[in-house]
Amino acid sequence: MKERAILLFILIIILLPLDGHGQDLPSAEILTADAAWCDLSDNLTVAEILITGEIDTSRFDLVVAIQGTRDTLVNLPSGIFQLYLNNQLGLNEYIVYKVIEYQEYFTLENDVNDTLIMEVYPWPEMTFTTEFESQCSPAEIVFRAKEGYPSYTWNFGDGTRTSTTTNWIRHTYTSQEDVDEINFQTGLQIRTSFGCVDSVKDEITIYPTPDAGFQASPELLFYPNTTVYLTNTTSPGSWEFLWDFGDASRNYTRDPGEHIYSTWGVYDIEMEWSTSMCSGSVIKEIEIRPPAPEAHFSPDTSGCPPLLVNFTNSTSYADTYAWDFDDGTYSTEVNPSHIFHESKSHYVKLVASGLSGSDSLEQVITVFDIPVAMFEPSTTETNNLEAEISFDNNSVGGVRYLWDFGDGSSSEEESPTHTFNSSGTFTITLYAWNSDECADTLIMEDLIRIHDGEGSSTFPNAFMWNGSGPTGGHWTPGSVDNTVFHPDIENASELRLIIFTRLGHRVFESNEVYVGWDGYINESELAVQGVYVYKAWITYSSGEQEVLTGDVTFLH
C-alpha cells in the first residue's frame, strides 16, 4: 500500500522586454513554503501565489497543470492568489501540481520557475469487524481492523479505552441491568506512520444477564435429616427461574425456600435462569448420607473342631466389611464361612464401614477340646479260639466309648474283654466322646491275629542284602520283604534257627519266632555272597514239633 504522494507546485515566471507601449511584464511568486499533508479534501488551500502586474490575456495564460490535466487561471489581478484544489485523483499515485506559463500565440523567452513541493499522505483505511459467539453478558467480542498501522486506539463504549500495536483486541462486556438489551457506541482511531489520524464508530448490542447464584444449606446431611434450605442470591430483575432438585421434582418460583428429599444420595441442584435472549444455570451438589453403620452378625456359636461356621451378616448401612477370626485369618466377604481348628474361645470381630462412618461387633466362637482315644490289648496273637482278650482304655478326656472288634461285635464298656470265636486278623476301632460330645477315633488295623491251632512252615531258597546295614533280623507276618531270611510260618509258638557255612561254621542263631537272618555275622560283619545251610526246630501251638534243614543263597 502506498502511503505517500508528492504535490509539486512549480511557478514559471515569464520576463519579457518592454513592449511598444512601455508596459512592464507581470510577475508571479509562490508564497507558501514546502509542507506535508494527510490527503486532500474539497476546497483545501494548498498554496498562495503572489501576482504583480497585469497579465495581458491576449498574450499570456496562467495555467495549473495536474498530471497532464490543465486548469487555466486567467485575468488574475495583482496581489495574492489562493489556489484551491479538490481530491479527485485518489491517493495511490504521485501528484504533481505546476503553475506554468502557456504560450498560445508566440514564443516567449527568459522563463523563470518557482517551485512548491508538498507531501500528501493517505488516510488509514477506517473499517473494523467484530467476532463473537454470543451477545449475552458476559459477551467476549473480538475487534479486528486492517493490519499494517503502528497504532490503534479502541473505545469500547463502556468507559474503557485501550491502545495497541496489533490490529485486533478482545474485550468482554458485562451487564446485569434489568433491560432487554444495551447498545455500546464503540470507536477506533488509527494513526499511520506519517502521523495521519482518522477514526470510525460502530454500535455493539449486548443482552444483559443476571449475576446468578444461590445457596444450598446444609450441603452435607445425614439421614433421616433430608431438608435442604435454598436462598436465591441472583441480582434483582425480571428473570425467570426453573429449579431442578435432582430427584425428578421441579419448581418455577424465584425462591423455593426448602426442599425435602425422600432418601439418601448425591443430588445436583440446578437453578436455571432465562431472559428473552439469554439463559444459563448454576449447579450445586448436596449429599445426604445414610445413617452410621450398625454392625451385627450371627451365629455366636460353639462346637467341636473342626468347627464350620457360616456367618450371616445383618449389618445396616455399610458397604465394606473386615472380619478377624482370631486365628490369624481374615476376610472381606459379606457372609463368610470359616473352619475353626484350634480348641479355644475365638473372639471374632466384624468392622463394618459406610459413608457415614464405621461400627464393630465382637462375638465369641467357642471350639471345644476333643478327647484322645488310646488303648492297649492284653495280647495281639493267640492260637486259642476261646481265649479272652482284654482291652485297656488309656483315652484322655473321654466319658463315653464305643468299641468295634472287627468281627461284627461291639461294646460300650470303658475297658472291655472280648472273645474272638473264629480265626483271622481283626481291626479294632475305639470311639471316644467327651462331655461336649466331641469325639476322637483310634483305628488299629489287623491288630489281633487268631490262629486255628494247625501249624505250617515254608523256607525260601534265597534272600538279598538290604544294601544299607544290619537290621537285627526282625520281621512282620505278612511282609513281602526279602532282605531277612525266615520261614513263612503259621501258628508257631517256638522257633530255633541256625545258619551254617557249607564248611559247617555257625554264622547265625535265633530263638525268637519273628527274628531271622539279615546276612550279617555277629550283627556287624556282612557275610559273603554264596550258599548257606539252615536248620530250624519249630514248636507249633498244638504242641507238634518239626525239624527242617535246607540250603539258602545269600545275594549281594
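Listing for the model above:
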read-out: Criterion: within 60 Å of the chain's Cα centre (by Cα) and assigned to a strand (DSSP E or B) - qualifying residue of Leu442, Leu495; value: Leu442
read-out: Residues that are buried (at least 16 other Cβ atoms within 10 Å of the Cβ) and over 60 Å from the mean Cα position of the chain (by Cα), drawn from the stretch 384-401; value: Ile389, Phe391, Asn393, Ser395, Gly398, Tyr401
read-out: Selection count, the stretch 261-293, where residues are surrounded by 14 or more Cβ atoms within 10 Å (Cβ to Cβ) and either more than 30 Å from Ser175 (Cβ to Cβ) or out of contact with any Phe, Trp or Tyr (no Cβ under 8 Å at 6 or more places or on another chain) (or both); value: 12
read-out: Selection count, the stretch 346-383, where residues are in a strand (DSSP E or B), of a type in the set (S, T, N, Q) and under 43 Å from the mean Cα position of the chain (by Cα); value: 4
read-out: Count of residues meeting criterion [under 16 Å from Met374 (Cα atoms) and either touching a residue at least 40 places away in the same chain (Cβ under 8 Å) or of a type in the set (D, E, K, R) (or both)] in the stretch 416-438; value: 7
read-out: Residues that are under 49 Å from the mean Cα position of the chain (by Cα), at pLDDT 95 or above and aromatic (Phe, Trp, Tyr), drawn from the stretch 126-172; value: Phe143, Trp154, Phe156, Trp168
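Condition check ((1) surrounded by 15 or more Cβ atoms within 10 Å (Cβ to Cβ); (2) in a strand (DSSP E or B); (3) free of Cβ contacts under 8 Å to residues at least 40 places away in the same chain) across all residues:
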position: Ile448; (1), (2), (3): yes, yes, no
position: Ser457; (1), (2), (3): yes, yes, no
position: Gly467; (1), (2), (3): no, no, yes
position: Thr471; (1), (2), (3): yes, no, no
position: Thr476; (1), (2), (3): no, no, yes
position: Val480; (1), (2), (3): no, no, yes
position: Gly504; (1), (2), (3): no, no, yes
position: Glu512; (1), (2), (3): no, no, yes
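Conditions (1) hydrophobic (A, V, I, L, M, F, W, C); (2) in contact with a His (Cβ under 7 Å, 6 or more places away or on another chain), marked per residue:
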{"position": "Ala212", "(1), (2)": "yes, no"}
{"position": "Ala216", "(1), (2)": "yes, no"}
{"position": "Pro224", "(1), (2)": "no, no"}
{"position": "Val228", "(1), (2)": "yes, yes"}
{"position": "Thr263", "(1), (2)": "no, no"}
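Results for (1) under 15 Å from Ala139 (Cα atoms); (2) touching a strand residue (DSSP E or B) at 6+ places or on another chain (Cβ under 8 Å); (3) exposed (fewer than 13 other Cβ atoms within 10 Å of the Cβ); (4) not hydroxyl-bearing (Ser, Thr, Tyr), shown as yes or no for each residue.
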{"site": "His171", "(1), (2), (3), (4)": "yes, yes, no, yes"}
{"site": "Ser175", "(1), (2), (3), (4)": "yes, yes, no, no"}
{"site": "Leu188", "(1), (2), (3), (4)": "no, yes, no, yes"}
{"site": "Val200", "(1), (2), (3), (4)": "no, yes, no, yes"}
{"site": "Tyr207", "(1), (2), (3), (4)": "yes, yes, no, no"}
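The values are calculated or read from the model by the stated rules, or taken from the named source; none is laboratory data. Just so it is clear, the structure is predicted and the values come from calculations on it, not from any experiment. All Cβ positions, even for glycine, are placed from backbone atoms using ideal geometry, and neighbour counts span all protein chains on display.
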